[in-house]
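Quick notes on the structure that follows.
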Amino acid sequence: MPDSAVSKSVFLPTIRLTMPRHASLATLPVFVKKPVLSRPRGQVAASHAQSGFTLLELLVALIVFAVMSAVAYSGLNQIFAVRERIEAENRKWRELTLVLGRMEEDIAQAVSRPVRDSFGTLRAPLLGHPQLVGTDDANLSLVRMGAGGSTGVAADLTRVGYRLREGRLELLLWPALDLPPRTGPNVHVLLNDIKAFELAFLNEQGVWENKWEPADNKALPRAVQWVLTLSGGEKVRRLVALP
């Protein structure tokens, strides 16, 4: 047989599997592919909804905190404003009490000693006018006993006055009882925001008059009453009897 007619044979290696004597098919490991579990669509949506609700709660908490902070701040401002108003009212009435005390003391210490103004005119020791005329005029002016005692000498006497000008209650202090020419009083503001200053004088007949200017330039009224009307409408009334 020719060489070309002879088919070439191919030899493949033989693989022989051997199994241990004590092994069986039941003991061989079995590789099982576990199925991939997927969450239902409802659970996925619920999970997203739960995370969104938590964010909403945070926003609500922030809004509530902001509102509570604003309310607390407004409350503190109101407390401070009320406290300032109370302090202002206390200060106003404290100052008013001091002024009223001084006026009562001045009137109670009034004495009958005529004075001369800067023009040399003899004037009564106590004068009361509802209206002001000159820049040195007072609604109430009087000569009072000084701190030196009750001797009645000029060194112990002082001339004082009170007037209402442009909403201010002013105190007038004259440097002397008998004034030299071109001499006026020193003016001090006692109270602000005064609406009215009303005076009344009790004469010897027991009749109240709104003006006091005796003809003899010596007589004193039996009593002096005055009413201060504050800008808020409050009225303060005082009455002082003269000796």
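Has the range 190-206 got any residue that is of a type in the set (A, V, I, L, M) and assigned to a loop (DSSP other than H, G, I, E, B)? Taking every residue of the range 190-206 in turn, none turns out to be of a type in the set (A, V, I, L, M) and assigned to a loop (DSSP other than H, G, I, E, B).
Of the residues making up the range 223-243, those that are exposed (fewer than 14 other Cβ atoms within 10 Å of the Cβ) and among the charged types (D, E, K, R) are E234, K235, R237.
When you go through R237, R163, R159 one by one, which is the residue that is of a type in the set (D, E, K, R) and more than 23 Å from P114 (Cβ to Cβ)?
Answer to the selection: R237.
So, of the residues in the range 221-234 that are more than 25 Å from D117 (Cβ to Cβ) and either assigned to a strand (DSSP E or B) or modelled with pLDDT of 95 or more (or both), which turns out to be farthest from the chain's Cα centre (by Cα)? If we take residues in the range 221-234 being more than 25 Å from D117 (Cβ to Cβ) and either assigned to a strand (DSSP E or B) or modelled with pLDDT of 95 or more (or both), then R222 is farthest from the chain's Cα centre (by Cα).
Test K218 against the stated conditions and say whether it is in a loop (DSSP other than H, G, I, E, B), surrounded by 12 or more Cβ atoms within 10 Å (Cβ to Cβ) and charged (D, E, K, R). Spelling it out, K218 is indeed in a loop (DSSP other than H, G, I, E, B), surrounded by 12 or more Cβ atoms within 10 Å (Cβ to Cβ) and charged (D, E, K, R).
Please find, among R182, R113, the residue that is exposed (fewer than 14 other Cβ atoms within 10 Å of the Cβ), touching a residue at least 40 places away in the same chain (Cβ under 8 Å), over 42 Å from the mean Cα position of the chain (by Cα) and assigned to a loop (DSSP other than H, G, I, E, B). Don't jump to the end; show me each part of the working.
Numbers: R113 fails: exposed (fewer than 14 other Cβ atoms within 10 Å of the Cβ).
After ruling out the rest, the residue left standing is R182.
Per-residue answers, yes or no, for (1) more than 30 Å from L142 (Cβ to Cβ); (2) at pLDDT below 85:
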residue: A61; (1), (2): yes, yes
residue: I86; (1), (2): yes, no
residue: L98; (1), (2): no, no
residue: M103; (1), (2): no, no
residue: V115; (1), (2): no, no
residue: S118; (1), (2): no, no
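The values are calculated or read from the model by the stated rules, or taken from the named source; none is laboratory data. Please read all numbers here as calculations on a predicted model, not as lab measurements. Positions of Cβ are generated from backbone atoms using ideal geometry, with glycine treated the same way; all protein chains shown enter the neighbour counts.
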